[in-house]
Amino acid sequence: MSAPALDPRPPDPGDLPPAVPGMGHGWVEVQGCRLHVASAGPADGPVVVLLHGWPQHFWIWRDVVGPLTDAGYRVVAPDLRGQGWSEATELGYSKEQFATDVVGLLDALGLERVDLVGHDWGGWTAQLVALREPRRIRRLGVLSIASVWTPPGTVARHLPRFAYQAVVATPRLGPTLQRTAPFWWAMRRAGVPAAEVRTYRDRFTDPLRAEAGSRIYREFLTREVSQLAQGRYGPRRLTVPTLALVGGDDPVIRPEMVENLRAHGDDVEVVVLDGEGHFLPDTCPDLVARHLLRFLGPAAGAA
């Protein structure tokens, strides 16, 4: 990893990311957006890039980082555009733009080939990166997210599970809701550990970040869903080895939405974690780390 590429100076010295043992922090300009990047592990270790989902940020990986770095991997965990400590831009919340940001980040850090793991929207983004730049992704891990090829009929059968997206996407209502106590009570009911809620909620006191969260879903529902229904990714194949983890009790993503990856990938393993919910890195980090290390293999063989 090229250390000079990261600026250690936070945009606001009074607003610092929470500490994770062994992790450093920096910022880099990518695609017109200043991204926050947390990193840890040996500088010469093979790199694993970890992408978070909504409404989290890099901190969701805090208890997964240690096992990965202890095994010899270098961990790079950015905050996606508009989330965590990355800049909240006015535009740029399509998932293809997120993928472009990730590829731009790899370029900015001089990373030619990495392992890529994503949770929730980070997992969706990771699929797009692997489709676009398969030679730069050694192995792909996706957690708690549907396949980008999920048939509309499958989603329709589970439509009530996705009703929250329309609320979050609604102008004014969605950004306001993400800043309220009832919203975060609902997040607790959905599986975010009570002890961790404040760390995530505090970021949404900034109206710009609440608006960014809303735009993620607004872009998806008003533009991306119709493209998916028309088979946007239909002819493309996932050629990199892929591990998909999904909680058996996930209230949103059902295993059948993930199983679809098998039909569109050359080497796909799907693991259903019985009794687990949606926020796997938060609630069962040891289990996530064990599966990832089994899948990634020894760091010495990850060149």
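The values are calculated or read from the model by the stated rules, or taken from the named source; none is laboratory data. These figures come from a predicted structure and were not determined experimentally. All Cβ positions, even for glycine, are placed from backbone atoms using ideal geometry, and neighbour counts span all protein chains on display.
Computed values, structure above
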| read-out | value |
| --- | --- |
| Qualifying residue in the stretch 166-182 (condition: surrounded by 18 or more Cβ atoms within 10 Å (Cβ to Cβ), hydroxyl-bearing (Ser, Thr, Tyr), touching a residue at least 40 places away in the same chain (Cβ under 8 Å) and more than 30 Å from residue 108 (Cα to Cα)) | no |
| Candidate set from the stretch 243-292 (those that are of a type in the set (Gly, Ala, Ser) and under 19 Å from the mean Cα position of the chain (by Cα)); member that is surrounded by the most Cβ atoms within 10 Å (Cβ to Cβ) | 244 |
| Only listed residue being modelled with pLDDT of 95 or more and assigned to a strand (DSSP E or B), chosen from 288, 272 | 272 |
| All positions within the stretch 77-103 that are farther than 26 Å from residue 192 by Cβ and out of contact with any Asp or Glu (no Cβ under 9 Å at 6 or more places or on another chain) | 91, 100 |
| Selection count where residues are free of Cβ contacts under 8 Å to residues at least 60 places away in the same chain and either out of contact with any Phe, Trp or Tyr (no Cβ under 8 Å at 6 or more places or on another chain) or hydroxyl-bearing (Ser, Thr, Tyr) (or both), scope the stretch 260-290 | 14 |
| Some residue of the stretch 34-45 being in contact (Cβ under 8 Å) with a residue 12 or more places away in the chain, polar (S, T, N, Q), surrounded by fewer than 21 Cβ atoms within 10 Å (Cβ to Cβ) and closer than 30 Å to residue 211 by Cβ | no |
| Helices (runs of 4 or more DSSP H) lying entirely in the stretch 192-245 (those with 2 or more residues that are closer than 24 Å to residue 117 by Cβ) | 197-201, 207-219 |
